[in-house]
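Structure first, commentary second.
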Amino acid sequence: MDSISTVVKSGTSRVRGTVTNNGTGKRVSAVQVSLLPIGSSPDSNWSRFFESKDGTFDLRTVLPGMYFLNAVVMTPDRPLAGRVIVEMQRPDAGCV
C-alpha cells in the first residue's frame, strides 16, 4: 500500500433567507445570490450560487467558515448589489 486516505465527516449547514429592498422593506424579485468563501477563488468548489424569482434563497451543504453573501438585483435603471459577511460555525446556524 503506497498511500492512505483519511475521510473525515464534516457537518454542513444551510444559509437561507430573503432579500429585501432596504428603502421599502419589501421582498425583491429576480435576485442572484452567491456565497463565496473569503480568501478563496469564486471558482472554489465551496462557492454556492442561487437564482431566485421571489427574493428567497436556500444554499445547502455549506461547510463551516467565513463567507461573502452577495445579492444582485437587476432594475430598469441599474443593477443593485449588497454584500454581508456570514460566519458558519455549526450545522443549521440559522437564517440570515
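Throughout, read-outs are computed from the coordinates displayed, never taken from laboratory work. Computed from a predicted structure; not experimentally measured. Glycine also receives a Cβ, built like all others from the backbone with ideal geometry; neighbour counts cover every protein chain displayed.
Between D77 and S29, what is 0.36 nm times their sequence separation minus the Cα-Cα distance? Round to one decimal in nm.
15.8 nm
Report the net charge of residues surrounding T20, where surrounding means a beta-carbon distance below 9 angstrom and charges are Lys +1, Arg +1, Asp -1, Glu -1.
In short, +2.
Please list the non-local residues whose amide H lies under 5 Å from the amide H of R16, H modeled 1.01 Å from N, same-chain partners needing a gap of 5 or more.
Amide H neighbours of R16, under 5 Å, 5+ apart: L59, V96.
How large is ³J(HN,Hα), in whole Hz, for each residue of the range 19-33 in order, when computed from phi with the Karplus curve 6.51 cos²θ - 1.76 cosθ + 1.60 and θ = phi - 60°, using x for Gly and Pro?
With coefficients 6.51, -1.76 and 1.60, one gets 8, 10, 6, 4, x, 9, x, 8, 5, 8, 10, 6, 10, 9, 10 Hz.
Separation between the W46 and E87 pseudo-spin-labels, each 7 Å from Cα along Cα→Cβ, expressed in nm?
That separation, rounded to one decimal, is 1.5 nm.
Using the Cα gyration tensor of the range 19-81, with a ≥ b ≥ c the square roots of its eigenvalues, what is the shape: rounded (a/c below 1.5), prolate (a/b larger than b/c) or oblate (neither)?
prolate
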